[in-house]
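Visitor: This is the structure I want to talk about, given as structure tokens.
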Amino acid sequence: MGKLAEQARRDFLKQTVSAAAVATIAPGVFLSEVARAQPRAEAVTDKVRWGMLIDTTKCASGCTDCVSACDKENGLDLLVKPEGAKQEQWAQQRPHWIRQVTLKDDKDFKLIGTSIPDVDMDPITSGQQQFSLDLKLPDMLYAVVKRCPHGDGQPLSFDATNAKTVPGVVDFYVLRNVDHGGRIILPNCPNFVSGVAVLATSTWAALEGARKLDVEWQMPDARDDSDDLMRRFEEAFEEKAAIVRSDGDPEFTDAEHSIDVTYRLPFLAHVPMEPMNCTARVDGDRAEVWAPTQNPPMAAEATAKVLGIPQDNVTIHVLRSGGAFGRRYYADFITDTVLLSRHFGKPIKTVWPREDDVRHDYFRSASAQRVRAAANDGRITHWQQNVASHPRSIYLERDGDPAEIGNYEFPAGFVPNLLLDYVAVPARVPLGQWRGTTNSSNVFVVSGAIDELAHASGIDPVAFWLNLVGDEQFVQVREDFRFDASRLRHVIEVAAERSGWGAPLPEGSGRGISASYNQGAWVAEVAEVTVRNNRLKVDRITCATDCGLVINPQGAVNQVEGGIVEGLAAALYGKITVKEGIVQESNFHDYRFCRMRDMPIIDVHLVESRDAPRGLGEGPLSPVAPAITNAIFAATGKRVRELPIRL
């Protein structure tokens with residue numbers, strides 16, 4: 001496939017057409033099938049006309065609102081319509097330069113809708129798959145950095161007497177981020193944590209050498225405590241907040257049913273099974289990097305920045321990673337490696353111990369959120385949601401609004417009197433991407449509060465949800481965002497039906513429901529739990545999701561199951577504790593993940609859809625925790641408003 005056609009394919013899959021819209025997909029190319037299943041003409045005609053070939057020989061007849069380009073390799077012509085070009089002019093020009101293509105019928109699809117096993121299944125399950133940690137280069141040294149316990153600290157001195165006794169240890173090197181751009185090297189790009197690197201001829205020698213290395217640290221004056229931060233978050237509710245959205249008159253005094261509740265969410269780590277690692281070779285003003293990065297452009301830019309070389313001289317090889325979940329988006333595990341390679345004049349592989357992977361993560365934000373809401377006649381009439389947190393955008397020195405709740409977030413547009421506001425609380429706990437990021441927090445709060453208001457109103461939670469979503473197909477949440485409420489309603493109905501909602505359960509058991517929209521996926525989940533002697537067992541999670549046209553059903557189900565497992569781990573166990581600025585957890589013994597004994601039956605239902613295919617990497621995670629806590633209430637009458645769940 002030629003470069004232009006491939007770019008069109010990527011743009012479609014990522015849904016990132018904005019500055020310009022690609023208006024052709026060639027017949028015979030994978031996307032011609034996808035285009036056939038793209039019925040949202042009303043939503044896309046002002047930007048995209050799928051399945052069209054452009055005859056550039058006729059395009060010269062006065063067509064000034066388009067730019068054409070030709071992919072010689074495949075004989076395809078692409079039409080790019082700049083944003084702002086008038087659709088009327090475009091349509092008038094159409095007879096001069098567009099010929100229509102007949103697209104496939106659904107019955108002719110050969111790949112779409114067919115389950116295809118992971119092409120890497122055999123090598124992964126047999127231990128033959130090569131991951132980034134497996135890479136070896138000639139004359140390579142291994143490095144393990146003994147990092148300052150506090151991310152803002154610096155090494156003052158070190159004593160290598162004991163470390164030198166480890167066979168294979170060959171050298172040491174002090175890494176100070178303040179000498180190479182500081183803690184944040186670029187906007188949204190953290191630099192390495194300062195420390196002392198131990199160089200060795202094997203991973204084991206480097207690990208042992210780092211354990212035996214004695215380092216004196218210069219610690220910063222400001223040191224956060226996670227318990228104190230939560231207290232400050234709640235105190236911030238009384239401060240002047242930044243208004244994110246205000247509709248109608250959010251204040252209420254005389255309501256038939258109301259709630260005033262506070263939810264609390266902890267910092268969360270990523271803990272991918274393969275810890276951070278990177279291999280680099282720097283030769284003069286050229287650098288070559290092998291890393292399991294999620295963000296090659298950032299990796300290249302950060303490498304060039306710390307080395308002071310042109311970015312064009314940086315080559316990034318993206319290797320297979322053993323999990324990522326947003327952690328490998330950043331370049332902090334790359335920048336120290338390239339500096340070591342330049343200093344020692346050899347290829348260097350830097351390997352992180354699990355303890356560093358936990359303690360020097362970039363965590364999901366903690367927050368406290370207060371909801372005051374009212375309902376009359378079975379429908380929510382007022383909703384005030386106050387959010388206080390230490391925002392990742394400020395920590396990462398990103399531009400834009402730091403608020404960790406958006407003016408489009410549910411139930412915005414569905415409640416006539418609504419207020420969303422935000423208070424940023426300063427801190428230095430490292431923050432970053434996470435699977436679902438702020439959505440994972442906000443859905444817990446919103447779904448929990450909706451359930452509370454349903455029970456306060458004496459209405460079945462599913463019926464209450466359906467009353468809230470309403471019967472209209474679309475809800476105009478924002479001028480530029482029209483929410484397809486019919487799809488949310490449908491997944492709620494499917495999840496309720498398939499879970500046996502309303503069927504009798506034994507004493508001590510209960511069902512709870514939650515629902516959300518994220519990254520193009522409408523998801524509803526019903527959890528069924530049993531509580532015996534104050535011990536929780538999650539028995540079953542039923543998930544219904546509409547992610548548009550499903551290309552590979554098996555892959556889609558795998559994504560849903562993976563998101564549910566991570567959501568379950570966060571609900572049951574996930575919590576990072578900070579004392580004196582230092583993360584207390586270090587490994588899977590104190591930052592637990594789900595074991596086999598924790599796993600419920602997971603029942604996934606992919607709702608048939610003719611809409612454009614979207615992703616499932618994040619959407620199924622967020623509803624897990626509130627579905628479980630709502631089920632706990634149904635089983636016991638006890639409300640859980642803080643994660644992880646403690647009965």
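The values are calculated or read from the model by the stated rules, or taken from the named source; none is laboratory data. In this text, all values refer to a predicted model and were calculated from it rather than measured experimentally. With ideal geometry, Cβ positions are generated from the backbone for all residues, glycine too; neighbour counts draw on all protein chains shown. Surface areas here come from the heavy atoms of the whole protein model, side chains and all, with no ligands, DNA or RNA. Shrake-Rupley method; radii C 1.70, N 1.55, O 1.52, S 1.80 Å.
Visitor: For segment 215-229, how many residues are closer than 13 Å to His390 by Cβ and modelled with pLDDT under 95? Walk me through it before giving the result.
Guide: Initial filter on segment 215-229 (closer than 13 Å to His390 by Cβ): 222, 224-226, 228-229.
After this cut, where a residue has to be modelled with pLDDT under 95 as well, the list is 222.
The total comes to 1.
Visitor: Please work out if Ser157 is among the hydroxyl-bearing types (Ser, Thr, Tyr), open to solvent by less than 50 Å² (accessible area, probe 1.4 Å) and out of contact with any Pro (no Cβ under 7 Å at 6 or more places or on another chain). Give the derivation first.
Guide: Working: among the hydroxyl-bearing types (Ser, Thr, Tyr): yes; open to solvent by less than 50 Å² (accessible area, probe 1.4 Å): no; out of contact with any Pro (no Cβ under 7 Å at 6 or more places or on another chain): yes.
No; evaluated as a whole, the condition is false for this residue.
Visitor: Could you give every pair whose Cβ atoms fall below 9 Å, whose first residue belongs to segment 175-198 and is farther than 17 Å from Pro220 by Cα and without any contact (Cβ under 8 Å) to a residue 40 or more places away in the chain, and whose second residue is among the basic types (Lys, Arg) and crowded, with 18+ Cβ neighbours inside 10 Å, counting only separations of at least 6 or pairs across chains?
Guide: none
Visitor: If a residue counts only when it is of a type in the set (Ser, Thr, Tyr) and buried (at least 16 other Cβ atoms within 10 Å of the Cβ), which strands (runs of 3 or more DSSP E) contained entirely in segment 467-520 have at least 2 such residues?
Guide: Working: elements: 474-478, 481-484, 509-518.
Once the strands (runs of 3 or more DSSP E) in segment 467-520 are filtered for at least 2 residues that are of a type in the set (Ser, Thr, Tyr) and buried (at least 16 other Cβ atoms within 10 Å of the Cβ), what remains is 509-518.
Residue-by-condition table, conditions (1) out of contact with any helix residue (DSSP H, G or I) (no Cβ under 9 Å at 6 or more places or on another chain); (2) hydrophobic (A, V, I, L, M, F, W, C); (3) in contact (Cβ under 8 Å) with a residue 12 or more places away in the chain:
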position: Leu572; (1), (2), (3): no, yes, yes
position: Asp590; (1), (2), (3): no, no, no
position: Asp598; (1), (2), (3): no, no, yes
position: Ser609; (1), (2), (3): no, no, yes
position: Gly617; (1), (2), (3): no, no, yes
position: Ala627; (1), (2), (3): no, yes, yes
position: Ile632; (1), (2), (3): yes, yes, yes
position: Gly637; (1), (2), (3): yes, no, no
position: Arg641; (1), (2), (3): no, no, yes
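Visitor: Looking at segment 236-273 only, could you name the residues that are surrounded by 19 or more Cβ atoms within 10 Å (Cβ to Cβ) and closer than 30 Å to Asp357 by Cβ?
Guide: Of everything in segment 236-273, those that are surrounded by 19 or more Cβ atoms within 10 Å (Cβ to Cβ) and closer than 30 Å to Asp357 by Cβ turn out to be Tyr263, Leu265, Pro266, Phe267, Leu268, Ala269, His270, Val271.
Visitor: Would segment 145-161 turn up any residue that is in contact with a Cys (Cβ under 9 Å, 6 or more places away or on another chain) and either under 22 Å from Pro353 (Cα atoms) or hydroxyl-bearing (Ser, Thr, Tyr) (or both)?
Guide: Yes, the conditions are met somewhere in segment 145-161.
Visitor: Go over the candidates Gly406, Gly436, Gly432, Gly400 one by one and state the one that is without any contact (Cβ under 8 Å) to a residue 40 or more places away in the chain and closer than 25 Å to Phe233 by Cα.
Guide: Numbers: Gly406 fails: without any contact (Cβ under 8 Å) to a residue 40 or more places away in the chain; Gly436 fails: without any contact (Cβ under 8 Å) to a residue 40 or more places away in the chain; Gly432 fails: without any contact (Cβ under 8 Å) to a residue 40 or more places away in the chain.
It is Gly400.
Visitor: Now for a separate question. Where residues in segment 413-437 are more than 15 Å from Val244 (Cα to Cα) and not in a loop (DSSP other than H, G, I, E, B), which of them is most open to solvent (accessible area, probe 1.4 Å)?
Guide: This residue is Thr437.
Visitor: Checking the structure you have, find out if any residue of segment 366-380 is touching a Pro at 6+ places or on another chain (Cβ under 7 Å), open to solvent by less than 40 Å² (accessible area, probe 1.4 Å) and not aliphatic (A, V, I, L, M).
Guide: no
Visitor: Given the criterion part of a helix (DSSP H, G or I) and at pLDDT 95 or above, identify the matching residue among Glu585, Glu566. Don't jump to the end; show me each part of the working.
Guide: On the way: Glu585 fails: part of a helix (DSSP H, G or I).
Criteria check complete, one pass: Glu566.
Visitor: While we're here: Across segment 278-296, what is the number of residues that are of a type outside the set (Val, Ile, Thr) and either over 21 Å from the mean Cα position of the chain (by Cα) or farther than 22 Å from Arg327 by Cβ (or both)?
Guide: To start, the set of residues in segment 278-296 that are of a type outside the set (Val, Ile, Thr) comprises 278, 280-281, 283-288, 290-292, 294-296.
Among the residues that remain, those that are also either over 21 Å from the mean Cα position of the chain (by Cα) or farther than 22 Å from Arg327 by Cβ (or both) are: 278, 280-281, 283-288, 290.
The qualifying residues number 10.
Visitor: To continue, here is another question. Phe410 is checked against (1) within 22 Å of the chain's Cα centre (by Cα); (2) open to solvent by less than 10 Å² (accessible area, probe 1.4 Å) and fails just one. What number does that condition carry?
Guide: (2)
Visitor: Here's a follow-up. Determine, yes or no, whether Val170 is surrounded by fewer than 19 Cβ atoms within 10 Å (Cβ to Cβ) and more than 27 Å from Gly432 (Cβ to Cβ). Lay out the reasoning, then the answer.
Guide: Numbers: surrounded by fewer than 19 Cβ atoms within 10 Å (Cβ to Cβ): yes; more than 27 Å from Gly432 (Cβ to Cβ): yes.
Here the answer is yes, as Val170 does meet what is asked.
Visitor: Would you mind stating whether Ala374 is under 30 Å from Pro149 (Cβ atoms), in contact (Cβ under 8 Å) with a residue 60 or more places away in the chain and of a type in the set (Gly, Ala, Ser)?
Guide: On the way: under 30 Å from Pro149 (Cβ atoms): no; in contact (Cβ under 8 Å) with a residue 60 or more places away in the chain: yes; of a type in the set (Gly, Ala, Ser): yes.
In short, no.
Visitor: Could I ask something else about it? Taking segment 612-631, which residues are of a type outside the set (S, T, N, Q), in contact with a strand residue (DSSP E or B) (Cβ under 7 Å, 6 or more places away or on another chain) and in a loop (DSSP other than H, G, I, E, B)? First the steps, then the outcome.
Guide: Residues of segment 612-631 that are of a type outside the set (S, T, N, Q), as a first pass: 612-621, 623-628, 631.
Checking which are in contact with a strand residue (DSSP E or B) (Cβ under 7 Å, 6 or more places away or on another chain) leaves us with 614-616, 618-620, 623-624, 626-628, 631.
Answer for segment 612-631, where residues must be of a type outside the set (S, T, N, Q), in contact with a strand residue (DSSP E or B) (Cβ under 7 Å, 6 or more places away or on another chain) and in a loop (DSSP other than H, G, I, E, B): Arg614, Gly615, Leu616, Glu618, Gly619, Pro620, Pro623.
Visitor: Can you tell me which of Pro430, Pro461 is farther than 30 Å from Arg183 by Cβ and of a type outside the set (Gly, Ala, Ser)?
Guide: Sole residue among the options that is farther than 30 Å from Arg183 by Cβ and of a type outside the set (Gly, Ala, Ser): Pro461.
Visitor: Quickly run through segment 438-458 and pick out the residues that are outside any helix (DSSP H, G or I) and surrounded by fewer than 19 Cβ atoms within 10 Å (Cβ to Cβ). Step through it out loud before you land on a result.
Guide: The first filter runs over segment 438-458 and keeps only residues outside any helix (DSSP H, G or I), leaving 457-458.
Correct list: Gly458 only.
Visitor: Take segment 470-527 and flag every residue that is of a type in the set (Phe, Trp, Tyr) and under 16 Å from Val624 (Cβ atoms). Talk me through it step by step, then tell me what you get.
Guide: As a first pass, look at segment 470-527 and keep what is of a type in the set (Phe, Trp, Tyr): 474, 481, 483, 501, 517, 522.
Selection gives Tyr517, Trp522.
Visitor: Any idea which of Val358, Val423, Val415 is under 23 Å from Gly574 (Cα atoms), of a type in the set (Val, Ile, Thr) and in contact with an Asp or Glu (Cβ under 8 Å, 6 or more places away or on another chain)?
Guide: Selected residue: Val358, the only one of Val358, Val423, Val415 that is under 23 Å from Gly574 (Cα atoms), of a type in the set (Val, Ile, Thr) and in contact with an Asp or Glu (Cβ under 8 Å, 6 or more places away or on another chain).
Visitor: Report the residue count in segment 178-223 for those that are assigned to a helix (DSSP H, G or I) and in contact with a Lys or Arg (Cβ under 6 Å, 6 or more places away or on another chain).
Guide: Our first condition is that a residue be assigned to a helix (DSSP H, G or I); within segment 178-223, this holds for 178-179, 203-212.
Filter once more, so that each one left must be in contact with a Lys or Arg (Cβ under 6 Å, 6 or more places away or on another chain): 210.
The number of residues fulfilling the criteria is 1.
Visitor: Could you identify the single residue in Ala302, Ala324 that is touching a residue at least 40 places away in the same chain (Cβ under 8 Å), outside any helix (DSSP H, G or I) and either open to solvent by less than 20 Å² (accessible area, probe 1.4 Å) or of a type outside the set (Phe, Trp, Tyr) (or both)?
Guide: Numbers: Ala302 fails: outside any helix (DSSP H, G or I).
None of the others qualify; the one that does is Ala324.
Visitor: Continuing with this model, one more query. For residues that are β-branched (Val, Ile, Thr) and more than 33 Å from the chain's Cα centre (by Cα), scanning just segment 199-235, find the one that is least open to solvent (accessible area, probe 1.4 Å).
Guide: Here is the first cut: in segment 199-235, the ones β-branched (Val, Ile, Thr) are 201, 203, 215.
If we keep only those that are more than 33 Å from the chain's Cα centre (by Cα) too, we end up with 201, 215.
Values: Thr201: 86, Val215: 31 Å².
Checked segment 199-235; the qualifying residue least open to solvent (accessible area, probe 1.4 Å) is Val215.
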